Amino acid sequence: MNETIVTTCTRDCPNTCGLLAEIRDSRLVTLKGDPGHPITRGLTCVKAARYIKRVYSPERITHPLIRDRRSLPWRKAGWDEVLDTVASRLKSIAAESGPEAILYYQGYGERTALKLLNRYFFNLLGGVTTPAGSLCGGTGQRAQDLDFGRRVSHDPLDHANSRSMILWGRNPVSTNISLVPVIRKIRRRGGRVVLIDPVPSRSAALADRHIAPKPGSDAFLAMAVAKLILAREAEDRDFLENHALGANDYLRILARHSVEELCVRCDTAVEDAHFLAEILMLQKPTATLLGWGMHRHREAHLSIRAIDALAAISGNIGVSGGGVSQGFEEYGPFDQKFWGDDLNPRRRTLLLPRIAEEIMNARDPEIRMIYVTAANPVCMAPNTAKTIAAFRHAEFVVYSGHFLDDTADQAHVFLPATTFLEEEDVMASYGHNHVGPVNRAIAPMGECKSEFRMFHDLAGRFDFADRFQRSVTDWLHDLCAPIREQGCSMADLRKKAFRLNAPMVPFADKSFPTPSGRFQFMTEFRPEDLDRRDPAYPYRLLTIAPHGFICSERTMTGHDPLPVVTLAEEEARRLDLENGEDVVVESRTGTVRAKLAVKAGQRRDILVSERGGWLKAGHGLNRLTQDISSTVGRGTPYYETSVRVIKGT
Ligand SMILES: Nc1nc2c(c(=O)[nH]1)N[C@H]1C(S)=C(S)[C@@H](COP(=O)(O)OP(=O)(O)OC[C@H]3O[C@@H](n4cnc5c(=O)[nH]c(N)nc54)[C@H](O)[C@@H]3O)O[C@H]1N2
Ligand SMILES: Nc1nc2c(c(=O)[nH]1)N[C@H]1C(S)=C(S)[C@@H](COP(=O)(O)OP(=O)(O)OC[C@H]3O[C@@H](n4cnc5c(=O)[nH]c(N)nc54)[C@H](O)[C@@H]3O)O[C@H]1N2
Ligand code: SF4
Ligand SMILES: [Mo]
């Protein structure tokens, strides 16, 4: 029998595509973009088709596993045995040491409506320790909160009104496919598109010009361009005088530096700054899209705030087709009281960017148990050696997921989770304003359970069972109350995506939820904060989004034997290294063996690689990264890591 199921991709991806899953004889045969979805418009990434292989992969774990010690091999077990074991550990540790001896670590793998209930479960348990901060976009979010009061982005549909676009550290060809046709249209209309990225990413081909500043130095470029606009008296005076706070302070900061000096500091040609200024003056409105790579620097807030300031000076705030857009709140449309955070006094949080140290240093109580869902921190958190030590410090680790990845290797129990194709749920997006249905396309593989079902069955072993054990339909009805209030019935939401009542153009009335009610310029800036260097380690390690995978969503067989690191031709020559040669990459934190790719036209001060390869497959680039926190926003400055490259042995 053939059937087509309308569903929504739940992967960690800003597109949150509407999908059509074609089922033949109960088997998933194709996954295509839904032509009826207003953002997807039938277009998805290469990873969508590949996901079918992941669902049916022979490496996928489709039955629960258990072991008494990490050194022992896994043993298959029934759900009753593993859930009994997990429940008894949760109970005994909470009774002996208090629930804060348990760390609940929820990753970025799947952020659906029902996933709110994971934390609800732990709050019913008494409230456990959770991470705070971000491995992803925390810095940018906080920086934009400071400027706008709240980070709110332009609806991607509003980019149809843009005359020009700046892709500021974003790589849509790999990470935001639905934006690609929008970008092409801007150029077809005669508008300019510029990519600003130290790396010549795949998206360079989309742009009229690729500007490659020194990593982490974008603030200087944004300031140079602002100065050029001011010099021509082309700034938006009305906005600066009537809708902004701190404009004069910011103009004074700009006055301290010349355009030439700023361009030297970001190692960009003055001509490139002129090119950007021309676009901002002559091709209004300009949409600026911030990527996530921008965040992964210690002082990233300064760059993001300088970019916001540039948009303000050039008259692009609160204007259709303009704006500085980064992303949306993927849990925003759901009723957040179901996190259950008000059930207990505030519980302990651990700083995510320094999670390993934080776990090891936690006292009263110590962290005795870690429960991981939809995450692979051993691979994806910074400083792998420390992360492994921290996981080993815990006496009991539960891992819920799909594959035996680096984090599963540190666990005592493996709970096999369904993929979104085996689930019923609702998904909102961090890349647009549509929520969509997650409809079950195929039956759960083997004995896999959705995370909701796991917590539902676990709850049955506790005295709060009746508060958790409700049907998926009832829970979704309640979780989606704010969506229903906007006029979308649950029946409609099962059929197709719904556009939330969110602004197309944020701040169109020029009022901002800041303390002053105005846009707030940054009023302090120390250039030396952005100029850190370590002469012994000359290259910034940029571990960017792979084209064919999302982060560590891979399998053992899906890896090259070694990670590939890309270096500029001139540097390879200087170091007497050849394309394809084995090399060793060293940082102050660790060492990784890799294969060298030599690239003409790449900046000389960077080493580029794809993030997410597994440690156990010989990759594990986070062995090199340092576990520090960003100055603002508790983000993780992965790209603050400097490395050197030497010949392999
Ligand atoms: N194919 C694929 N898609 C993905 C993902 C994936 O791994 N693979 N990951 C998902 C996730 S978790 C996220 S957060 C998003 C990320 O989506 P993007 O932000 O589009 O992708 P990134 O590769 O993280 O970063 C984008 C670019 O930022 C650049 N960059 C680094 N430092 C700087 C800087 O100082 N200044 C400037 N101007 N640019 C800089 C990098 O070189 C990189 O090319 O994509 C999501 N989608
Ligand atoms: N060096 C370096 N490190 C980085 C980054 C970088 O740029 N450089 N980027 C950072 C970024 S932006 C991010 S977002 C983080 C990501 O860090 P993580 O969230 O820890 O890692 P992912 O690799 O996205 O793994 C998500 C896992 O969730 C699983 N999963 C998917 N759906 C479900 C489900 O329903 N239930 C369960 N239980 N599991 C599910 C997937 O199979 C996958 O294994 O990594 C960060 N790490
Ligand atoms: S991974 Fe991203 S682009 Fe690919 S189908 Fe899913 S949401 Fe769409
Ligand atoms: Mo991310």
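Residues that are modelled with pLDDT of 95 or more, of a type in the set (A, V, I, L, M), in contact with an Asp or Glu (Cβ under 8 Å, 6 or more places away or on another chain) and buried (at least 21 other Cβ atoms within 10 Å of the Cβ) within the range 514-544 comprise just one, Ile544.
Among the candidates Leu282, Leu254, the residue that is over 30 Å from Ala113 (Cα atoms), without any contact (Cβ under 8 Å) to a residue 40 or more places away in the chain and surrounded by 17 or more Cβ atoms within 10 Å (Cβ to Cβ) is uniquely Leu254. The residues of the range 199-217 that are surrounded by fewer than 19 Cβ atoms within 10 Å (Cβ to Cβ) and in contact (Cβ under 8 Å) with a residue 24 or more places away in the chain, listed by number, are Pro200, Arg202, Ala205, Arg209. Taking (1) within 11 Å of ligand 2 (Cβ to nearest atom); (2) out of contact with any Lys or Arg (no Cβ under 7 Å at 6 or more places or on another chain); (3) not polar (S, T, N, Q) in turn, Ile544 satisfies each apart from (2). Considering Leu221, Leu228, the condition of being in a helix (DSSP H, G or I) and either at positive phi or touching a Cys at 6+ places or on another chain (Cβ under 7 Å) (or both) is satisfied by Leu221 alone.
Here's the yes/no breakdown for (1) closer than 30 Å to Gly126 by Cα; (2) within 22 Å of the chain's Cα centre (by Cα); (3) among the hydroxyl-bearing types (Ser, Thr, Tyr):
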site	(1), (2), (3)
Thr419	yes, yes, yes
Gln469	yes, no, no
His477	yes, no, no
Arg494	no, no, no
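Within the range 392-404, the residues that satisfy the criterion of being of a type outside the set (Lys, Arg) and over 21 Å from Ile61 (Cα atoms) are His393, Ala394, Glu395. From the list Asp605, Asp627, the one residue that fits, being out of contact with any Gly (no Cβ under 9 Å at 6 or more places or on another chain), surrounded by 23 or more Cβ atoms within 10 Å (Cβ to Cβ), of a type in the set (D, E, K, R) and at pLDDT 95 or above, is Asp627.
Entry remark, the range 561-587: residues being more than 16 Å from ligand 1 (Cβ to nearest atom) and touching a residue at least 24 places away in the same chain (Cβ under 8 Å) number 16 in total. For residues that are of a type in the set (D, E, K, R) and without any contact (Cβ under 8 Å) to a residue 60 or more places away in the chain, scanning just the range 359-395, find the one that is nearest to Met454 (Cα to Cα). Ranking the qualifying residues of the range 359-395, first place goes to Glu395. Residues that are touching a Cys at 6+ places or on another chain (Cβ under 9 Å), within 17 Å of Gly613 (Cα to Cα), among the polar types (S, T, N, Q) and not in a helix (DSSP H, G or I) are absent from the range 383-396.
Are any residues in the range 145-183 within 16 Å of ligand 4 (Cβ to nearest atom) and not in a loop (DSSP other than H, G, I, E, B), and if so, which ones? Residues satisfying the conditions are Pro172, Ser174, Thr175. Inspect the range 492-505 for any residue being farther than 30 Å from Arg252 by Cα, outside the structural domain of Glu110 (by TED's automatic domain parsing), within 16 Å of ligand 3 (Cβ to nearest atom) and among the hydrophobic types (A, V, I, L, M, F, W, C) and give the result as yes or no. The answer is yes, given that some residue of the range 492-505 is farther than 30 Å from Arg252 by Cα, outside the structural domain of Glu110 (by TED's automatic domain parsing), within 16 Å of ligand 3 (Cβ to nearest atom) and among the hydrophobic types (A, V, I, L, M, F, W, C). Every test in (1) out of contact with any helix residue (DSSP H, G or I) (no Cβ under 7 Å at 6 or more places or on another chain); (2) among the hydrophobic types (A, V, I, L, M, F, W, C); (3) more than 30 Å from Ile253 (Cα to Cα); (4) within 11 Å of ligand 1 (Cβ to nearest atom) is passed by Leu179 save one, and that test is (1). Residues in the range 296-339 that are within 30 Å of Glu100 (Cα to Cα) and crowded, with 21+ Cβ neighbours inside 10 Å: 5 in all.
Where strands (runs of 3 or more DSSP E) fall entirely within the range 1-65, those with at least 1 residues that are away from ligand 1 (no atom under 16 Å from the Cβ), among the hydroxyl-bearing types (Ser, Thr, Tyr) and crowded, with 19+ Cβ neighbours inside 10 Å are at 2-8.
The values are calculated or read from the model by the stated rules, or taken from the named source; none is laboratory data. Everything quoted here is computed from the prediction, not taken from an experiment. Counting neighbours? That spans all protein chains shown, and the Cβs are built from the backbone with ideal geometry, glycine included.
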